[in-house]
Amino acid sequence: MGKTVRDESTASAYWAAVNTFCSLRDIHVVADAPVGCYNLVGVAVMDYTDAIPYLENFTPTSLTEKEISSSGSAESVRDILDRLSAADRHIVLVSSAESEMIGSDHERMLQMQFPGVTFFPSNSLGENEWQGRDRALQWLFGKFDDGKPAEIEKGTVSIIGPTYGCFNSPSDLAEIKRIIQGCGARVNLVYPFESGLSDISRLKNSEVIVVLYREFGSTLAESLGRPILFAPFGIDETRQFIEDIGRLTGNTEKAASFLQEEKSGTLKPVWDLWRGPQAEWFPTVRFGVTAAKSYARGLEKFLSGEMGMQCIFSHDTPTTDNTLLRDEIKEKQPQFLFGRMADKIYLAELDLKTKFIPAGFPGPIVRRALGTPFMGHSGAVYLLQEIVNALYDMLFNFLPIQKRSISAEEPLRKIAWTGEAEALLNDLVKNAPFISQISFGRELKIKAETLARKTGKETVTAELLRHIG
């Protein structure tokens, strides 16, 4: 019996191609796809997330049942290309799952009738989003590199990875650029987010390559033969990143000076929070992560490895069985859950009081401001600030509130508890997040005794307590 995966964790390689190619300012993507493939990525997505802006450089061929079942998509493709032939951007024709299912391969037709158009088979049926991005980035470099030998420019760093549809990309990119420049190096190229086709050859001339995401981009970076660094999370990893940038670009002293400035400036809120009374809560915080590899790994490394919080699970979404994940959330009940919209739905279905923090797409979340990074030193400050604020908010919600009845004057009848009921109450309290155990137990006890009074019972039994749970 095959495994059923509840909710898709990542999109297909078709969406990867669209998100990658449309990031370049001088490319126009023609998708050999149904009109819905335009509506979803080009229009509807804007209604609930800012991962992808309105794509002016994207046109679908609008495949219908007729093309898919009988005539094929060649005629539809020709009509679109005729209309776009005067465009001032390079046209890339991308296959979709639908066109691949009917065997549409337009390579020969393009060579004969539209030699200026390039065909990219997205392999939508065979690869996921991250695999698709990785291959698309390689393909672009292979097609549009000028073929000249590399001429290394001293002190330069290029960043590979930022594309549409990547969670928190503007903030994390801004933080990594800030660190690189603080070390005295120069950002040569951000590929493909801040690039055109004529810029692609500059990648090979960089002294150092930074790969923003561990999910994709490494294959191209390795082919360039330059030193590779991954974007850092947390305090120690960022320290090492700064030292490596300085060493590899010949800016050792500048990087050391910048690191000292970071410790006394950017990181000061971390030290303040660490020395404050809220630091006593950190070992009690239980959190889970379901996100792409960079964020799943980075959050666990920083919050658990450096801040001493308890990571009760951390999942890389492309490999996650979401049915098992939902069961794990129900069983372990994390205090914080970093995740996607699917995970927020699971929390609602299970009626859990877990604090949800967005850490991946899909999801109705806007991340266009540059002040919400997860990466680097600024990311460490932002994440810790969010958690401490949530802890204070949680504490406020658990403060005991004395409720008075304006009509009842008679004293409440005292209710006894059986030993079995008290033992069960203790077990239930132990499963609640540490910071809320006292108030959780008090609330459960009040509910049990209120129910006993309403039903005319003199004693709270284990059966009555289970009824409340």
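So here's what we get for this one:
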read-out: Elements of type helices (runs of 4 or more DSSP H) contained in region 199-281, each with 3 or more residues being crowded, with 17+ Cβ neighbours inside 10 Å and modelled with pLDDT of 95 or more; value: 218-224, 235-248, 252-264
read-out: Residues being part of a loop (DSSP other than H, G, I, E, B), touching a strand residue (DSSP E or B) at 6+ places or on another chain (Cβ under 9 Å) and free of Cβ contacts under 8 Å to residues at least 60 places away in the same chain - total across region 331-373; value: 3
read-out: Scope region 172-198; condition β-branched (V, I, T) and in a helix (DSSP H, G or I); matching residues; value: I176, I179, I180
read-out: Matching option when the condition is small (G, A, S), within 18 Å of T238 (Cβ to Cβ) and out of contact with any Cys (no Cβ under 9 Å at 6 or more places or on another chain), among G305, G298, G339; value: G298
read-out: Which numbered condition R226 misses (of (1) among the charged types (D, E, K, R); (2) touching a Pro at 6+ places or on another chain (Cβ under 9 Å); (3) closer than 18 Å to I160 by Cβ); value: (2)
read-out: First in region 402-431 and more than 23 Å from T459 (Cβ to Cβ) and outside any helix (DSSP H, G or I), second anywhere and of a type in the set (S, T, N, Q) and at pLDDT 85 or above, Cβ under 9 Å, 6 or more apart; value: N431/Q333
read-out: Residue within region 345-352 that is charged (D, E, K, R) and either surrounded by 14 or more Cβ atoms within 10 Å (Cβ to Cβ) or within 22 Å of T284 (Cβ to Cβ) (or both) present; value: no
read-out: Condition met for G234 (touching a residue at least 24 places away in the same chain (Cβ under 8 Å) and assigned by TED's automatic domain parsing to the domain that holds S158); value: yes
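A quick yes/no check of all residues on (1) outside the structural domain of G379 (by TED's automatic domain parsing); (2) closer than 30 Å to E215 by Cβ; (3) charged (D, E, K, R):
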| position | (1), (2), (3) |
| --- | --- |
| S257 | yes, no, no |
| R275 | no, no, yes |
| Q278 | no, no, no |
| V285 | no, yes, no |
| A291 | no, yes, no |
| L299 | no, yes, no |
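The values are calculated or read from the model by the stated rules, or taken from the named source; none is laboratory data. Since we're looking at a predicted model, the values are computed, not measured. As a convention, Cβ positions derive from the backbone with ideal geometry for all residues, glycine included, and neighbour counts pool all protein chains shown.
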